Structures are given as structure tokens and as C-alpha cells.
1. Any idea which of (1) open to solvent by less than 70 Å² (accessible area, probe 1.4 Å); (2) assigned to a loop (DSSP other than H, G, I, E, B); (3) modelled with pLDDT of 80 or more is the one ALA73 doesn't satisfy?
2. Which of the residues spanning the range 78-93 are farther than 18 Å from THR23 by Cα and in a strand (DSSP E or B)?
3. Could you please give the count of residues in the range 41-70 that are at pLDDT 75 or above and not hydrophobic (A, V, I, L, M, F, W, C)?
Amino acid sequence: MTLNEILSKNITNGRFFAIEAETEKKRKGITYRKRTTLTAQFGVNYANVASVQDKIAEQGGVLPTWFEHTEHASIVKSKKDETKLYLQIMNPCNIKTAFFLADGTPTTKAELVEMGAIKEDEKSEKPVTLCYALENIINITYRATAAVA
């Protein structure tokens, strides 16, 4: 998706969205696609989320060095290439991942590990934050909910 397409979704503080993204990776001569769907809250500044603050403290107070925030709360840009924009996703949940070989054949993570395309994870804890390049975002869906009195 483009920046304008994402901004047209009216991403604002506190709104929850469903996101679908797909990334292509190549390792040891094997090309595969990773398609992820998840739920996330947008418009939350990186430094203000409690779980992120805990993670920053664990890292000795070091903030990520490869990106910086833009005027759009959930959009960050690469420090090396300011034209490269990413959607920053805070506290993702309901993460579902499917893997496909380059020709579209469904495969599993275990099969990709066996082929050497993916390293076996030592930890599988839920990520605190994710960043997806805008061109890897397939869809963002917002469903309006009734106001809480």
C-alpha cells in the first residue's frame, strides 16, 4: 500500500486494525513468502507504551537506531533512505503466519527450517513492536465499534 492509501484508513490514536502483510525472503537459494495477519493498535508513540519501555530498559535504554518517526504517528522512515517508509505496529496480537514457496506452494515453518531457509527460533515470545515496509502491506481493515459510555 502507499502512504496515501494507509493514511486514508484514518489511522488515529487508539484505533484497532486488522493488518495483512506479505514479505518475500531468500536464504540459501530458497525463496519463500511469509504472509502474516494480525491485530494492532495504531497511533501510539513508541516511547510511551509500557511494554516497549520495559524492553528499552532491558536493552540499557537503547532506542532502535535504524528508523525515526515521521509526522504520522504510526509511520516511520529509514535513517539511511528517507524514502523508505514503514508501518510501525505496537503490541501486535492474534498473529497468524502462513508460508509459501516462490511458486505459491504452501509450506510450513518446520519444512523451511529443514530446508535451511529459516533458522530454528530459540524463543517464540510475542514481539513488542513490528515494522513492515509499506509496499508489503496488503490490506488494513478498521471495523467501527459502538462508543463506550
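The values are calculated or read from the model by the stated rules, or taken from the named source; none is laboratory data. This one's a predicted model, so the numbers in the text were calculated from it and none came from an experiment. Heavy atoms of the whole protein, side chains included, go into the accessibility calculation; ligands, DNA and RNA do not. Shrake-Rupley method; radii C 1.70, N 1.55, O 1.52, S 1.80 Å.
1. Among (1) open to solvent by less than 70 Å² (accessible area, probe 1.4 Å); (2) assigned to a loop (DSSP other than H, G, I, E, B); (3) modelled with pLDDT of 80 or more, the lone unmet condition for ALA73 is (3).
2. Going residue by residue through the range 78-93, those that are farther than 18 Å from THR23 by Cα are 79-83, 90-91, 93.
Scanning the range 78-93 gives MET90, ASN91, CYS93.
3. Summing the residues that are at pLDDT 75 or above and not hydrophobic (A, V, I, L, M, F, W, C) in the range 41-70 gives 4.
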